[in-house]
Amino acid sequence: MTAVAESADLQKRRVELRRRELLLTLERWGPAYREVAGDSLSYVCEIAGASEPEEAFLREHVAKHGMPQVVGRTADEILEAGRRANAAASAAFLAGDYDKARDLIDDARLYGALLDTEWVKLHGFIAAKAAAS
């Protein structure tokens, strides 16, 4: 199977999505682990499968903004946000707002409503439609 090279825009979006994913993991797990463990950020990094640069990003974020104080959204709430984002992306696409549609499918991917392969294909589909307009 031959890998398809991603556009620079998609690569940039992927990096931003990963950062947002790390922050979402911090939101969900940081406060809970703070109650039972000393360095809850280490547990968050482990849960997220964070690389060394990603761990440094999270540590810098916490140093600047502090650890979330309350547990964030539940898994069901996050998935529901993803479903809403996916539906909103469809509406934006049909309205011809392709930039908004792409941002919203990023949200849908982040919140678990799209698989990575679906996300990539949708970006390609929307970009093609935008180029044809």
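With neighbour counts taken as other beta-carbon atoms within 10 Å, the residues LYS121, LYS64 rank, fewest first, as LYS64, LYS121. Spin-label model, LYS129/LEU115: points 7 Å from Cα along the beta carbon direction are separated by 2.1 nm.
The charge dipole of the chain, taken about the Cα centre with unit charges on the Cβ atoms of Lys, Arg (+1) and Asp, Glu (-1), comes to about 340 debye, rounded to the nearest 20. Taking 0.36 nm per residue of separation and subtracting the Cα-Cα distance, full extension of the segment from GLU80 to GLU60 would add 4.3 nm. This model, with +1 at the C-beta of Lys and Arg and -1 at the C-beta of Asp and Glu, gives region 10-65 a dipole about its Cα centre of some 380 debye.
Ranking LEU23, ALA89, ALA63 by how far each Cα lies toward the positive end of the dipole of the chain (charges on Cβ) leaves ALA89 at the top.
Projecting the Cα atoms of ILE126, ALA50, GLY72 onto the dipole axis of region 15-133, where Lys and Arg carry +1 and Asp and Glu carry -1 at the beta carbon, places ILE126 farthest toward the positive end.
How much FRET efficiency would the formula 1/(1 + (r/R0)^6) give for ASP99 and ARG19, where r is the Cβ-Cβ distance and R0 is 25 Å, rounded to 0.05? In this case the efficiency is close to 0.80.
Considering only alpha-carbon pairs that sit under 8 angstrom and 6 or more positions apart, the relative contact order computed for the chain is 22 percent.
Across region 53-125, the mean sequence separation of Cα contacts (distance under 8 Å, 6 or more residues apart), normalised by length, yields a relative contact order of 27 percent. Convex hull of alpha carbon positions in the chain: directionally averaged projected area 9.7 nm².
Contact order for region 21-63, expressed relative to its length and based on alpha carbon pairs under 8 Å spaced 6+ residues apart, stands at 42 percent.
Where a number appears in this text, it was derived from the coordinates with a stated rule and is not lab data. On a predicted model such as this, the values are computed, not experimentally measured, just so you know. Here Cβ is always computed from backbone atoms with ideal geometry, including for glycine, and neighbour counts include all displayed protein chains.
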